Amino acid sequence: MGGNRRREPVPTPELRCVCGHEVQRFWPYCPHCGRSLTWGDSEQGTGAECYPCRGVASDRFSYCPWCGVDIHEEGHSSEQPLRAPKGFRRDARCDWGCGGGVQYPMRYCPWCGKPQSWNEDDDFEGDCPYCGRGVDDWMSLCPWCGNDATGRDLIPRALTQVRRLLRVAGIRDWGYRVLLRPGISGVDPRYPKIVEIEQRYVVGKRRRDEIPWSLLVGLITHELGHSFLYHNWRWTRSARFRRAFGEVNKAYRGLDDTWVYFQRRRVAINPVNHVSAYAARHPQEDFAETFRFYVTRRGRLRELFAECGQKHKGVGVYEKFLSVHEYIRTLRGWS
Ligand SMILES: [Zn+2]
Ligand SMILES: [Zn+2]
Ligand SMILES: [Zn+2]
Ligand SMILES: [Zn+2]
Ligand SMILES: [Zn+2]
């Protein structure tokens with residue numbers, strides 16, 4: 001995202017795709033159904049549309065701001081770049097300094113035809129893993145490029161595996177959403193159902209067949225542990241939970257959850273009272289790690305206990321697994 005331009009907020013009437021979902025003017029795709037949308041001249045009254053893409057244009061333009069084709073016409077197009085012809089706003093100057101004005105979210109400068117970038121950080125919750133433009137967490141498809149805005153199609157095997165493991169462990173879907181995003185992996189307590197996975201692990205230089213999806217399973221399951229706990233926060237106030245994991249509200253610096261910590265399938269020998277070294281960092285990490293082992297080992301308590309015995313784990317670890325196991329059973333109405 002280049003440029004650091006400010007835009008005036010403009011009240012827009014509610015617009016809907018034929019599928020019924022709300023859309024914003026000039027989105028090329030509906031983020032709900034993926035239909036391509038055309039924004040012609042019906043509202044602006046410029047009397048001009050680009051012939052190839054049917055997007056609203058101006059007789060004064062030399063290039064279509066939506067598809068970038070040359071629409072220069074002798075005697076109509078302005079010989080000098082303009083700020084904003086009739087029917088258009090000037091939200092910013094052309095990125096390339098041609099002197100013309102551009103309106104959000106034009107992809108090309110209508111005067112020099114060069115591609116434009118927009119700072120959408122304040123308008124959207126995240127970036128599309130395909131095109132890098134702004135997307136919101138509820139969007140299934142990117143309104144700009146029409147691809148899967150969640151990036152989940154990049155990690156289908158890992159997600160399928162995690163869903164199967166959760167089902168086998170007897171954990172019902174609590175409405176979580178796993179999203180691929182740039183930045184760090186984690187769950188924001190304000191949005192407990194949104195699990196963000198650092199997209200670098202998936203869309204980096206690695207080829208598709210090199211994706212360490214089995215390692216992603218560990219990372220996703222750990223993050224789901226955080227989400228599950230936020231979703232069942234009342235449980236953290238119970239004596240049983242506190243005895244097992246401690247005080248979850250204890251202050252701690254935000255940790256960068258990266259998969260290198262979560263690739264082990266087996267419980268670590270040290271520390272004695274935690275399933276892994278990472279778990280010892282904070283009660284919330286302790287829970288997320290215990291949850292990860294519980295789920296990736298399919299909720300097989302006997303198998304986990306046997307392993308804990310071999311590794312001389314402390315009683316605290318048994319108590320953690322047991323409280324997770326029993327809590328999940330109460331959620332299902334088993335006892
Ligand atoms: Zn739609
Ligand atoms: Zn066009
Ligand atoms: Zn320009
Ligand atoms: Zn996109
Ligand atoms: Zn964590």
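For this structure, a couple of remarks:
- Rounded to 10°, Cα long-axis angle of helix 301-310 versus longest principal axis of the chain: 70 degrees
- Rounded to the nearest whole Hz, the Karplus-based 3J(HN,Hα) values (6.51 cos²θ - 1.76 cosθ + 1.60, θ = phi - 60°) of region 146-154 follow the sequence x, 7, 4, 6, 8, x, 5, 5, 7, with x at glycine and proline.
- Applying the criteria of a DSSP loop state and at most 14 other Cβ atoms within 10 Å to the chymotrypsin sites (Phe, Trp or Tyr not before Pro) of region 106-139 yields 138.
- Summarising the amide proton neighbourhood of residue 177: residues at separation of 5 or more, or on other chains, whose placed amide H is nearer than 5 Å comprise 194, 195.
- Using θ = phi - 60° in the Karplus curve 6.51 cos²θ - 1.76 cosθ + 1.60, the 3J(HN,Hα) couplings for region 167-174 round to 5, 5, 6, x, 9, 6, 4, 9 Hz; x is entered for Gly and Pro.
- Against the main long axis of the alpha-carbon atoms of the chain, helix 283-296 sits at an angle near 90°.
- The chain shape via C-alpha gyration tensor axes, a/c threshold 1.5: prolate
- Fully extending the segment from residue 70 to residue 22 would add 14.1 nm, taking 0.36 nm per residue of separation and subtracting the current Cα-Cα distance.
- Applying 1/(1 + (r/R0)^6) with R0 = 51 Å to the Cβ-Cβ distance of residue 83 and residue 164 gives a FRET efficiency near 0.35.
- Tensor-based shape of region 50-114 (alpha-carbon gyration tensor, a/c under 1.5 rounded, otherwise prolate or oblate): rounded
- Cys residues of the chain that find no other Cys beta carbon under 4.7 Å: 308.
- Derived scalar couplings ³J(HN,Hα) [region 72-81; Karplus, 6.51 cos²θ - 1.76 cosθ + 1.60; whole Hz; x for Gly, Pro]: 4, 9, 4, x, 10, 4, 6, 6, 10, x
- Of the GluC sites (Glu not before Pro) found in region 75-126, those that fall in a DSSP loop while having at most 12 other beta-carbon atoms within 10 Å are 79.
- For residue 185, distant residues with modelled amide H under 5 Å away: 198, 257
- Here the extension length gained between residue 300 and residue 153 equals 50.0 nm, from 0.36 nm per residue of separation less the Cα-Cα distance.
- For the chain, calculated [θ]222 nm from helices alone, where every DSSP H run of n ≥ 4 adds -39500 (n - 2.57): -8000 deg cm²/dmol
- Candidate residues 121, 257, 148: accessible-area rank, largest first, probe 1.4 Å: 121, 148, 257
The values are calculated or read from the model by the stated rules, or taken from the named source; none is laboratory data. Here the structure is a predicted model, which means the values were calculated and not measured. In this analysis, Cβ positions are derived from the backbone assuming ideal geometry, glycine residues included, and neighbour counts consider all displayed protein chains. These accessible areas exclude ligands, DNA and RNA; they are computed on the full protein's heavy atoms, side chains included. Shrake-Rupley method; radii C 1.70, N 1.55, O 1.52, S 1.80 Å.
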